[in-house]
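Input: a single structure, listed below in structure tokens.
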Amino acid sequence: MAIDARIFQIGFQAILLTAGVLLRDFSLLPLQMALALASAAATQAFWLRVLGLRGVGYLSPMITGFGLSLLLRADSLWLHPLVACLAISGKFLIRVRGKHVFNPANFGVGVALLALPGAWVSPGQWGNDLGVAVWLIGLGALVAQRARRDDASWLFLAIFLGLVAARMFQLGHSFERAWEIFCHQALNGALLLFAFFMISDPMTLPDRPVARRLHVALVAVVAFSWQFLFYRPNGALWALLCLAPLVPLWDSIWPGKRHNWHGNRSLQNIVAAQGKIPG
């Protein structure tokens, strides 16, 4: 039986987080990460018990806990566990036709930035080093490929960076200056982390390939516009969060086969056995 792609993602997130804390001096306390992971797991356990779900497991909350630790920064200890609780709860409560609407980590970060004091995202923490970019691309591409959503990652990068290149041409920069700016964007660790570990989430993308590519293209265009036309930070995170409610619409227009993390067991068999759609 094939190994669950989420196990690879958890391992690679742990590697990236360890490297960030040791080599990049992340403003993250070990206790903040531990509280985020514990809160995500406890919230998952609560909802599994309330809804009577079995066989779902705890890989998803671990991914969310690590994701929040990679992205979110705070000047307190209470914020990370609270956001983890909200992120996992949103996965169970905000659903359309048995499918959760928002990527949990993306949802949690958005709520924190909008409503909680002392929360911020530091996209510059990864820098723009070639070595970091190679690691992120290598590890991230393997995770996305194992989840069979690497097309979303590469399409997002192609459109976003293509628009960056077009903007450099439109502004009339010299080749040397345009190349410098393009490389700065292409090697941005936060952008690569988003492309391979967030937008490639198969549970919150449209099920049909044509709908998935349309949605990813829209996210890339909105992310570019937010960052380069409105000069606001974190364009990719806000684009994914704001456009997530469109996914149920795409799934209704272009129905497709629902992604299933459970190896060779079909989703229909799981539903028949449990009487519920797994979280």
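Quick note: the coordinates plus some simple rules give every number you see, no bench work behind them. Predicted model only: the values in this text are computed from it and were never measured. Here the Cβ is made from the backbone with ideal geometry for all residues, glycine too, and neighbour counts use every protein chain on show.
Taking neighbour Cβ counts within 10 Å as the exposure measure, how do 181, 63, 88, 3 sort from fewest upward?
3, 181, 63, 88
Give me Rg/Rg_expected for the range 1-118, where Rg uses Cα atoms only and Rg_expected = 2.2 N^0.38 Å with N residues.
Normalised by 2.2 N^0.38 Å, the Cα Rg of the range 1-118 equals 1.06.
In whole Hz and in residue order, list the ³J(HN,Hα) couplings for the range 157-172 that follow from phi through the Karplus curve 6.51 cos²θ - 1.76 cosθ + 1.60, θ = phi - 60°; x for Gly and Pro.
5, 4, 6, 4, 6, x, 5, 4, 5, 5, 5, 4, 5, 5, 7, x
Would you mind calculating the gained length between residue 45 and residue 29 on full extension (0.36 nm times residue separation, minus the Cα-Cα distance), in nm to one decimal?
3.3 nm
Grab the other residues whose beta carbon is less than 13 angstrom from that of residue 255, score K and R as +1, D and E as -1, and report the net.
+4
Give me the number: length gained by fully extending residue 114 to residue 175, i.e. 0.36 nm times residue separation minus the C-alpha to C-alpha distance, one decimal in nm.
This chain segment gains 18.1 nm when fully extended.
Measure off 7 Å from each Cα along the Cα-to-Cβ vector at residue 225 and residue 94, then give the distance between these two points in nanometres to one decimal.
2.0
Can you give the net charge of the other residues whose Cβ lies under 12 Å from the Cβ of residue 101, counting K and R as +1 and D and E as -1?
+2
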